[in-house]
Amino acid sequence: MKGDKLDRIAGILKPQYRGRRTGDRFDCLDDDLRRRAGIVDTANVSDNPYHLPALQLFARHQRGLVADIGAGKRTEQLSHVVNVEVVPYDSTDVLAASESLPFEDEVFDAVHSNAVLEHVKDPFACAAEMLRVLKPGGELMCCVPFLQPYHGYPNHYYNMTHQGLANLFPGVEVLGVDVYEELRPITALQWIIGAWASGLSEQSANEFLDLRLRDIVARPYHVLAQARCVVELPPAKNHELASASTLFARKPDARESAPLEIVRAAYGTRAGWLDATAVVRGLAGRDRLFISCARALEPLLGDPAPGAAKELRIAWRRGERGGEIAAAELAGRLRTPIWL
């Protein structure tokens, strides 16, 4: 059956890819495409089960062809469903980047994609390619997470609101953007709580799991923010479960900027300060400084006041400008980054 399926696929590939058959699949990836799409080898296995709406979609098009973009590893091969992947699973029919599909225009009766577009560098390009290979009147089913923790296969770039998902596909007739059974908020809540608890010590995890939902909702934020189950989470877990992430950057300038001078730096409390000037100067580049909230401070600066809330203060100068910046410490890390 696999041979017959590949013969059928060959008839819808662009001419330059028809000779790329290697064993039980077509390999339509080259080094340049891998680089542009950010595709790297991974040991992670994607094997999400098909949900009922997907099975119903496949059943409606048994006499046609369905593209499953980012199909993952499939235990069952369907003769009319073309499994497109970047990983050479046994079930993969076509190795390809979804940003540049190797198929001719308008050859599929339906396109399915589940939990894929969050992992690609350019979801707009992927969406455009899905529409390009879909026949006029063809059906599209595309599922993308909104409130899901970071899960890289090996990368995870984007989550989307229902409006953002619809915005990827201009010109289509959107019949609905639905949250069906497996996608309801309880799935996100269970995932987040389980991942959160797995990042804590046993004692903190037990305290966290014993919290009532009423406690979480009713307690003031400033109280929750200092709870052990919050401040003990390691940086990797904070990224995995973040409410949001903030990018700090600078646009390159061909002109040479004024150097950054660290005038002085101190770490501690009103009761006593540790001179941190040399350490901070060592962290600074010629014209910039960034100290992340993920950075453990004690190995860097020591602990001048064990058990007390501390602060890092930095006086700086850059050309004719200068000033002082400060950030508070909590549980050995900065509460906000220092960015100069």
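The values are calculated or read from the model by the stated rules, or taken from the named source; none is laboratory data. Remember, predicted model here, so these are calculated numbers, not experimental data. Reconstructed Cβ throughout: ideal geometry from the backbone, glycine too, with neighbour counts over all protein chains shown.
Scanning region 114-128 for residues that are among the acidic types (Asp, Glu), in a loop (DSSP other than H, G, I, E, B) and either closer than 21 Å to Phe169 by Cα or out of contact with any Cys (no Cβ under 9 Å at 6 or more places or on another chain) (or both) turns up at least one hit.
Out of curiosity, is Glu298 out of contact with any helix residue (DSSP H, G or I) (no Cβ under 8 Å at 6 or more places or on another chain), within 30 Å of Pro149 (Cα to Cα), of a type outside the set (Ser, Thr, Tyr) and surrounded by 15 or more Cβ atoms within 10 Å (Cβ to Cβ)? Steps first, answer last, please.
On the way: out of contact with any helix residue (DSSP H, G or I) (no Cβ under 8 Å at 6 or more places or on another chain): yes; within 30 Å of Pro149 (Cα to Cα): yes; of a type outside the set (Ser, Thr, Tyr): yes; surrounded by 15 or more Cβ atoms within 10 Å (Cβ to Cβ): no.
No; evaluated as a whole, the condition is false for this residue.
Gly164 meets all of the listed conditions (1) assigned by TED's automatic domain parsing to the domain that holds Ala67; (2) part of a loop (DSSP other than H, G, I, E, B); (3) not acidic (Asp, Glu) but one, namely (2). Within region 66-91, the set of residues being among the β-branched types (Val, Ile, Thr) and either assigned to a loop (DSSP other than H, G, I, E, B) or out of contact with any Ser or Thr (no Cβ under 8 Å at 6 or more places or on another chain) (or both) comprises Val66, Thr75, Val81, Val82, Val86, Val87. For region 213-256, the helices (runs of 4 or more DSSP H) that sit wholly inside it and include 3 or more residues that are of a type in the set (A, V, I, L, M, F, W, C) and not assigned by TED's automatic domain parsing to the domain that holds Pro154 are 213-218, 228-231.
The set of residues in region 116-138 being crowded, with 19+ Cβ neighbours inside 10 Å and among the small types (Gly, Ala, Ser) consists of Ala127, Gly138.
Screening Ser79, Ser100, Ser113 for residues that are assigned by TED's automatic domain parsing to the domain that holds Phe58 and either hydrophobic (A, V, I, L, M, F, W, C) or buried (at least 20 other Cβ atoms within 10 Å of the Cβ) (or both) leaves exactly one candidate, Ser113. Checking region 99-110 against the condition returns no match, with no residue being of a type in the set (A, V, I, L, M, F, W, C), touching a Phe, Trp or Tyr at 6+ places or on another chain (Cβ under 6 Å) and at pLDDT 95 or above. Is it true that some residue in region 232-240 is more than 30 Å from Tyr157 (Cβ to Cβ) and among the basic types (Lys, Arg)? Checked against the condition, which is being more than 30 Å from Tyr157 (Cβ to Cβ) and among the basic types (Lys, Arg), region 232-240 yields no hits at all. Taking the conditions (1) under 18 Å from the mean Cα position of the chain (by Cα); (2) in the same structural domain as Asp27 (by TED's automatic domain parsing) in turn, Trp196 satisfies each one other than (2).
Name the residue, out of Ala327, Ala309, Ala315, Ala265, that is part of a strand (DSSP E or B), more than 24 Å from the chain's Cα centre (by Cα) and closer than 30 Å to Ala195 by Cβ.
Working: Ala309 fails: part of a strand (DSSP E or B); Ala315 fails: closer than 30 Å to Ala195 by Cβ; Ala265 fails: closer than 30 Å to Ala195 by Cβ.
That would be Ala327, the only listed residue that is part of a strand (DSSP E or B), more than 24 Å from the chain's Cα centre (by Cα) and closer than 30 Å to Ala195 by Cβ.
Among the residues in region 35-54, are any at pLDDT 95 or above, of a type in the set (A, V, I, L, M), on the phi < 0 side of the Ramachandran plot and not in a loop (DSSP other than H, G, I, E, B)? No. Test Lys2 against the stated conditions and say whether it is among the charged types (D, E, K, R), closer than 19 Å to Glu129 by Cβ and surrounded by fewer than 15 Cβ atoms within 10 Å (Cβ to Cβ). Judged against the criteria, Lys2 is not a match.
Kindly list the number of the only condition in (1) over 20 Å from Arg132 (Cβ atoms); (2) at pLDDT 95 or above that fails for Val81. With respect to (1) over 20 Å from Arg132 (Cβ atoms); (2) at pLDDT 95 or above, Val81 is out only on (1).
Checking the conditions here, which among Pro304, Pro299 is part of a loop (DSSP other than H, G, I, E, B) and either in contact with a Phe, Trp or Tyr (Cβ under 8 Å, 6 or more places away or on another chain) or modelled with pLDDT of 95 or more (or both)? Exactly one of Pro304, Pro299 is part of a loop (DSSP other than H, G, I, E, B) and either in contact with a Phe, Trp or Tyr (Cβ under 8 Å, 6 or more places away or on another chain) or modelled with pLDDT of 95 or more (or both), namely Pro304. Taking the conditions (1) part of a loop (DSSP other than H, G, I, E, B); (2) under 17 Å from the mean Cα position of the chain (by Cα) in turn, Arg63 satisfies each one other than (2). The number of residues in region 239-257 being touching an Asp or Glu at 6+ places or on another chain (Cβ under 8 Å) and within 27 Å of Gly194 (Cα to Cα) comes to 0.
Residue-by-condition table, conditions (1) in contact with an Asp or Glu (Cβ under 9 Å, 6 or more places away or on another chain); (2) over 21 Å from Trp196 (Cα atoms); (3) hydrophobic (A, V, I, L, M, F, W, C):
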residue	(1), (2), (3)
Glu232	no, no, no
Lys237	no, no, no
Pro259	yes, yes, no
Trp339	no, yes, yes
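Among the residues of region 31-54, those identified as more than 25 Å from Ser100 (Cα to Cα) and surrounded by 13 or more Cβ atoms within 10 Å (Cβ to Cβ) are His51, Pro53.
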